[in-house]
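Worksheet for the structure shown next.
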Amino acid sequence: MKFTDRKIKNLKPKSERYEVWEGNGLGVRVTPKGVKSWVFMYRFQEKARRLTLGRYPKMTVAEAHSEHGKALLALEKGIDPGKVEVEKRRENRRAPTVKMLVDEYIEKWAKPRKRSWKKDQSTLDRDVVSEWGRRKAKDITRRDVVIMLDGIVERGAPIQANRTLAVVRKMFNFAVSRDIMASNPCLQVKPPAPENQRNRTLSADEIKILWKALDLVGLKSGNDQEKPISMSKGTALALQFQLLTAQRKGEVAAAEWSEIDIDGKVWTIPAEKSKNNLPHRVPLSPQAVSLLELIKKESKKSIWLFPSPRGQGQKHILETAIDHAVRLNQEPIGINHWVPHDLRRTAASIMTSIGISRLVVSKILNHVESGITAVYDRHSYDAEKRNALEAWGRKLDQILTGENKGDVIPIHKAG
């Protein structure tokens, strides 16, 4: 009989298992429970053999004919199709699951190269392992990726969907490079949400409001805020220190006293904490040095400038804790729609507005450089950075007090 969907569907179970045949050894086996499987009967080296190709309807009639054709072609080449299928199934059992791939990616790629590997781990555990963990990595399709991203968007986290796509794409590229997968299923998958580049900077009035509010954190009296600010003193000092130094939130949060040279008035961020993997020297203005005295009292005997309130001084404050504190206190502080990174942007913007060259500001921000110039330009710009940060400190004083104590910046530019 010529197999069609209608004929296969009409095959009814009997008390005993039975088989019907189309020709050239292709048949359908029907069990008493109604399970239908495609089978192939053939002879190899004078011995009768049987190969189960798959179950109907998961394997369609067209797919069964295709697999049957491949088996016949193998026989013509002197290859036992059953042995090929056994080896394929054995290989499939050995193929890494998505959970195994995630673990390998974190250990072999992310940890050695990314200080933020824990973010990758969290993202993959939350949205990838939870969905695909037991599936074979090689079986993940582009459609699977799209459906996963749609789910993240639907729960109200469109930007997180973009971040997840970036991590998953990198992980699958890693898998391709290690021959775990033949291709990356993220190919041609576009970020599901538009990225809105932030350009928020705080005005002089907002800086004054923020600094005063942060000064009041932890005081038992004198706080005239309508709503109390729910924030640790360490977090408040970290935000002030970030504004004064214009460094990244993560570098501030993880700063250690061993990195601070009070006598030399410089903070050296080690290469392993620096985004461009090079040590970064941050000259400390008089205002920053003065703030460090308060930070020292608050941190007590911890090795960290900003120890976690929950870690008994053994761990530094988390970046997420700073973010949470800022989100929670928008209304009590009296400034809306700002994030910690806006402090860094604010400091940089004001420095350029008072005449400091963009090159020097870029050096202070420790932006990643590329090209021949970056390779040969080993000038540290310490003097220029110090002049700029001291000018920024004086400008901040002027904003906070409303007093103009003379020139804000010496006439000295580089670049």
Subset of the range 235-271 that is hydroxyl-bearing (Ser, Thr, Tyr) and surrounded by fewer than 20 Cβ atoms within 10 Å (Cβ to Cβ) - its residue that is nearest to the chain's Cα centre (by Cα): Thr268
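Show me the helices (runs of 4 or more DSSP H) found entirely inside the range 300-407 where at least 1 residues are at negative phi and modelled with pLDDT of 90 or more.
319-328, 330-333, 341-353, 358-365, 382-401
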Which listed residue is touching a Ser or Thr at 6+ places or on another chain (Cβ under 6 Å) and β-branched (Val, Ile, Thr), from Val176, Val153, Val167: Val167
If you check Glu107 against the conditions, is it charged (D, E, K, R), closer than 30 Å to Glu131 by Cα and modelled with pLDDT of 90 or more? yes
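Residues are listed down the side, and each one gets a yes or a no for (1) among the aromatic types (Phe, Trp, Tyr); (2) modelled with pLDDT under 95; (3) within 21 Å of Val86 (Cβ to Cβ):
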site	(1), (2), (3)
Glu22	no, yes, no
Gly25	no, yes, yes
Met41	no, yes, yes
Lys47	no, yes, yes
Leu53	no, yes, yes
Tyr56	yes, no, no
Met59	no, yes, yes
Any chance Thr141 is under 23 Å from Ala193 (Cα atoms), surrounded by 15 or more Cβ atoms within 10 Å (Cβ to Cβ) and touching a residue at least 40 places away in the same chain (Cβ under 8 Å): no
Would you pick out the residues in the range 73-108 that are in contact with a strand residue (DSSP E or B) (Cβ under 8 Å, 6 or more places away or on another chain) and not charged (D, E, K, R)? Leu75, Pro81, Gly82, Asn92, Ala95, Pro96, Thr97, Val98
Check the range 53-63 and report whether any residue there is among the aromatic types (Phe, Trp, Tyr) and under 30 Å from Lys2 (Cα atoms). yes
Need pairs with beta-carbon distance below 7 Å; first residue closer than 18 Å to Asp144 by Cα and within the range 177-204, second modelled with pLDDT under 90 and assigned to a loop (DSSP other than H, G, I, E, B); sequence gap 6+ or separate chains. Ile180/Pro96
Which residue is surrounded by the most Cβ atoms within 10 Å (Cβ to Cβ), if the candidates are limited to the range 326-362 and must be closer than 24 Å to His280 by Cβ and without any contact (Cβ under 8 Å) to a residue 24 or more places away in the chain? Ser362
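The values are calculated or read from the model by the stated rules, or taken from the named source; none is laboratory data. What you see is a predicted model; the values in this text were computed from it and never measured. In this analysis, Cβ positions are derived from the backbone assuming ideal geometry, glycine residues included, and neighbour counts consider all displayed protein chains.
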